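For reference, the structure discussed in these notes is given below.
The values are calculated or read from the model by the stated rules, or taken from the named source; none is laboratory data. None of these values were measured; they are calculated from a predicted model. Ideal geometry is used to build each Cβ from the backbone, glycine not excepted, and the neighbour counts take in all protein chains shown.
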């Protein structure tokens, strides 16, 4: 199986599938590596639009690096902007924001040394996870702790391994759901998917191991079996989180529903996995009647719209004698405007 450190790397078949889906929509596609050479490559390559899949390499702002560079170069790209990506990656900040918007989230704190005093509102069992990782990195069966000694040991190990604070929060017993969203200001909420734990465990968690070998450990129910009131509560919470965190075009939001039916926000992923037949969002979209090529086109549609708006503004600026937004580059000819943008993923 894949190692924890490789959790966020897209396998070659995923990149190939995205490439084929974009090409099938009539676009020319080339690959761009999110390395230190990217600024040089972009300067030498006529890029119209970027399909962003870059998770980054290190640091809590790693997911924001490529979009920030693209904004500097005035190149439209798919998905959320640098601010939303950085906020969502920092679980503690994301939780504070959604709580301000009236969404429940488990009581929590961050530990930077493992020696901090625990607040009284934290109740065991607790779950410990890295504060700024995705793809269940650092989340294992041993992440749920029942005593302060277990908590401090787990936190110290996590801080040392991932070189970042540990997030500690109340473990919410109940059902686990993930909800996909597509769109911008009024996002479309896709059918919630329930992660059903098959093994009888005291404190089941959607761990890294389960995500790698899920066939015998968990079952994905999509659409989830929910009463109308439960479905409405999940959809409302997902939409509110998407908007509160400033997400754009695509995101997946994870929740727990406790035994009383209350919905708790866990985290938001604005760069969800896109592996065909495997990633949560892909399974959710399929259940909603959205096949893989259509899903990719939906994610890309906002970037194409922004590209067309940018080109229209450039033409209008040139007609008015003003300086175009990119500092003086000539707009393309009417014939070129009719062509589909040359997309880069």
Response to the item:
In segment 137-164, anything under 30 Å from residue 53 (Cβ atoms), out of contact with any strand residue (DSSP E or B) (no Cβ under 7 Å at 6 or more places or on another chain) and assigned to a loop (DSSP other than H, G, I, E, B) is listed as 140, 163
Worksheet item: Looking at 104, 89, 73, which is the one that is closer than 30 Å to residue 235 by Cβ and either buried (at least 20 other Cβ atoms within 10 Å of the Cβ) or out of contact with any strand residue (DSSP E or B) (no Cβ under 7 Å at 6 or more places or on another chain) (or both)?
Response: 89
Item to complete: List every residue pair whose Cβ atoms lie under 8 Å apart, where the two residues are 6 or more positions apart in sequence or sit on different chains, the first residue falls within segment 144-157 and is in contact (Cβ under 8 Å) with a residue 24 or more places away in the chain, and the second residue, located anywhere, is surrounded by 15 or more Cβ atoms within 10 Å (Cβ to Cβ) and assigned to a helix (DSSP H, G or I).
Response: 154/143
Worksheet item: If you go through segment 179-212, how many residues are part of a loop (DSSP other than H, G, I, E, B) and modelled with pLDDT of 95 or more?
Response: 4
Worksheet item: Is it the case that residue 24 is out of contact with any strand residue (DSSP E or B) (no Cβ under 8 Å at 6 or more places or on another chain), under 25 Å from residue 185 (Cβ atoms) and modelled with pLDDT of 95 or more?
Response: no
Practice prompt. Answer with yes or no whether residue 81 is over 21 Å from residue 36 (Cα atoms) and within 12 Å of the chain's Cα centre (by Cα).
Written response: no
Practice prompt. Sort out which residues of segment 241-259 are assigned to a strand (DSSP E or B) and closer than 19 Å to residue 204 by Cβ, and write them in order of number.
Written response: 254, 255, 256, 257, 258
Worksheet item: Residues 18, 41: which one is out of contact with any strand residue (DSSP E or B) (no Cβ under 7 Å at 6 or more places or on another chain) and free of Cβ contacts under 8 Å to residues at least 40 places away in the same chain?
Response: 41
Worksheet item: Is it the case that residue 134 is in contact with a strand residue (DSSP E or B) (Cβ under 8 Å, 6 or more places away or on another chain), in contact (Cβ under 8 Å) with a residue 12 or more places away in the chain, in a loop (DSSP other than H, G, I, E, B) and surrounded by 15 or more Cβ atoms within 10 Å (Cβ to Cβ)?
Response: yes
Discussion item. Of the conditions (1) touching a strand residue (DSSP E or B) at 6+ places or on another chain (Cβ under 7 Å); (2) modelled with pLDDT of 95 or more; (3) farther than 19 Å from residue 134 by Cα, residue 254 satisfies every one except a single condition; which number is it?
Written reply: (3)
